[in-house]
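The values are calculated or read from the model by the stated rules, or taken from the named source; none is laboratory data. The structure displayed is predicted, hence computed values, not measured ones. Here the Cβ positions follow ideal geometry from the backbone for every residue, glycine too, while neighbour counts run over all protein chains shown.
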């Protein structure tokens, strides 16, 4: 098909996520390789967001494709109650890679299902019902995960089930860069302990946190926050669940983002980079005490595609590629280049408010005046941001422009030369938003 036929039929006969169908303008993609996507016309786009922050090893890697073909010839599907060689191998591999005492895994088809099952596991294990989560969070689009989520996509999905309690993030929405991080941590944990008192500590099963907040800011936690949070929750027998669906599998320069912060959660969830999205797969990893509990107590959860052999083999190969090709080290090294480019553009362009990154996990915020007012409001857009998004698309840079910010999350295989080419496009795009800066 040509591009017009692809777009017409996709819009006519399929629904798009988070969109009114008539409003979408999809990029027609014929193939993708490495850090690039290609339209039928041959036009090339840098994938500067790894699709949904998920194609971590890059597109179309030959070793993963060969592993998938090999598994197709061996075993495509058996029901979840069986034992398979690939399930045994991957589970052992994960037990060796995930830090601490997280050695047991429940497989799903994505991050939302992993979080759904983590929610169930926490409630079954503790016998408690309430779940804490933060306002600047996203945990998935299923019914329960929408109630865990704090960002505005939650609101059209309300009312949901009972027992979901939202709390403020440690970082205020309009925080000032350079504020005392230890004071921010101390104040937030003091506030959170008061919320726990009001809600009844013996009623709260768990707290969900994105280790590094993803879609809602790419915000690394303030100093001491996550370790202090784990200590506070443990004091009251509340489980800490780290959602690493976006932050995990090398995105931050380590396999798991919580490795930066000197603690281990009770439960961790991941997906996306686990297979680099070559196949749908997610997982919930639980600590040894929780795993032991479910050896003698039924875990009331099940999925037709739990432990799907093709998905598991894809994950095994994608992990091997990431480690063998030193992509964690590349993310760490090029994270410094990204930081330097963000600093350069902040100095050059008055419309840049701030850039943040840890590894190749980044976001830039734009402002419309010297008071730091955002170029677009919370849960809104503006003419300037719309034109920036159009410029990126016209000039072959695919990323997400959201509210007054845009994301910087390229595949971990990107080279320094390619990264600098992407920032050259961004540099020219910011000339557009500078025209809207009011002084």
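Under 7 Å between Cβ atoms, at least 6 apart or on separate chains: pull out the pairs that start in the stretch 170-182 with a residue that is farther than 15 Å from residue 213 by Cα and end on any residue that is at pLDDT 90 or above and surrounded by 12 or more Cβ atoms within 10 Å (Cβ to Cβ).
So the pair list comes out as 177/354; 181/222; 181/223; 182/223; 182/224.
Counting residues that are touching a residue at least 24 places away in the same chain (Cβ under 8 Å) and buried (at least 19 other Cβ atoms within 10 Å of the Cβ), which helices (runs of 4 or more DSSP H) fully inside the stretch 263-357 reach at least 3?
309-324, 327-348
Kindly evaluate residue 412 against the criterion of being in the same structural domain as residue 346 (by TED's automatic domain parsing), at pLDDT 95 or above, within 29 Å of residue 333 (Cβ to Cβ) and assigned to a helix (DSSP H, G or I).
No, not satisfied.
Considering the stretch 415-439 alone, what residues qualify as being in a helix (DSSP H, G or I) and either without any contact (Cβ under 8 Å) to a residue 12 or more places away in the chain or out of contact with any helix residue (DSSP H, G or I) (no Cβ under 8 Å at 6 or more places or on another chain) (or both)?
417, 418, 421, 422, 424, 431, 434
Quickly run through the stretch 403-423 and pick out the residues that are farther than 21 Å from residue 33 by Cβ and surrounded by fewer than 18 Cβ atoms within 10 Å (Cβ to Cβ).
Listed by number, the list is empty, since nothing qualifies.
Of the residues that make up the stretch 254-267, is at least one out of contact with any helix residue (DSSP H, G or I) (no Cβ under 7 Å at 6 or more places or on another chain) and more than 23 Å from residue 222 (Cβ to Cβ)?
No.
For residues in the stretch 229-260 being out of contact with any strand residue (DSSP E or B) (no Cβ under 9 Å at 6 or more places or on another chain) and in a loop (DSSP other than H, G, I, E, B), which is surrounded by the most Cβ atoms within 10 Å (Cβ to Cβ)?
That would be 250.
Hey, does the stretch 390-399 have a residue that's closer than 30 Å to residue 427 by Cβ and part of a strand (DSSP E or B)?
Yes - at least one qualifying residue is present in the stretch 390-399.
For residues in the stretch 51-69 being in contact with a strand residue (DSSP E or B) (Cβ under 9 Å, 6 or more places away or on another chain) and closer than 20 Å to residue 245 by Cα, which is surrounded by the most Cβ atoms within 10 Å (Cβ to Cβ)?
Residue satisfying both the conditions and the ranking: 55.
Looking only at the stretch 205-228, which residues are surrounded by fewer than 23 Cβ atoms within 10 Å (Cβ to Cβ) and in a helix (DSSP H, G or I)?
Listed by number, the residues that qualify are 225, 227, 228.
Any residue in the stretch 19-30 that is without any contact (Cβ under 8 Å) to a residue 12 or more places away in the chain sitting within a Cβ distance under 8 Å of a residue that is surrounded by fewer than 14 Cβ atoms within 10 Å (Cβ to Cβ)? List the pairs, counting only those 6 or more apart or interchain.
Here the result reads 21/15, each pair linking the stretch 19-30 to a residue that is surrounded by fewer than 14 Cβ atoms within 10 Å (Cβ to Cβ).
Is it the case that the stretch 120-129 has a residue that's buried (at least 24 other Cβ atoms within 10 Å of the Cβ), under 22 Å from residue 53 (Cα atoms) and in contact with a strand residue (DSSP E or B) (Cβ under 7 Å, 6 or more places away or on another chain)?
So far as the stretch 120-129 goes, no, none of its residues is buried (at least 24 other Cβ atoms within 10 Å of the Cβ), under 22 Å from residue 53 (Cα atoms) and in contact with a strand residue (DSSP E or B) (Cβ under 7 Å, 6 or more places away or on another chain).
Here's the yes/no breakdown for (1) crowded, with 18+ Cβ neighbours inside 10 Å; (2) part of a helix (DSSP H, G or I):
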| site | (1), (2) |
| --- | --- |
| 82 | no, no |
| 89 | no, yes |
| 96 | no, yes |
| 106 | yes, no |
| 112 | yes, yes |
| 115 | yes, yes |
| 118 | yes, yes |
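Taking the condition of being at pLDDT 80 or above, surrounded by fewer than 17 Cβ atoms within 10 Å (Cβ to Cβ) and in a loop (DSSP other than H, G, I, E, B), how many residues in the stretch 164-181 meet it?
Residues in the stretch 164-181 being at pLDDT 80 or above, surrounded by fewer than 17 Cβ atoms within 10 Å (Cβ to Cβ) and in a loop (DSSP other than H, G, I, E, B): 5 in total.
Being more than 23 Å from the chain's Cα centre (by Cα) and either outside any loop (DSSP other than H, G, I, E, B) or at negative phi (or both): is that true of residue 371 here?
yes
Against the condition surrounded by fewer than 20 Cβ atoms within 10 Å (Cβ to Cβ) and at pLDDT 95 or above, how does residue 202 come out, does it pass?
yes
Keeping to the stretch 358-372, report how many residues are within 23 Å of residue 221 (Cα to Cα) and surrounded by fewer than 14 Cβ atoms within 10 Å (Cβ to Cβ).
1
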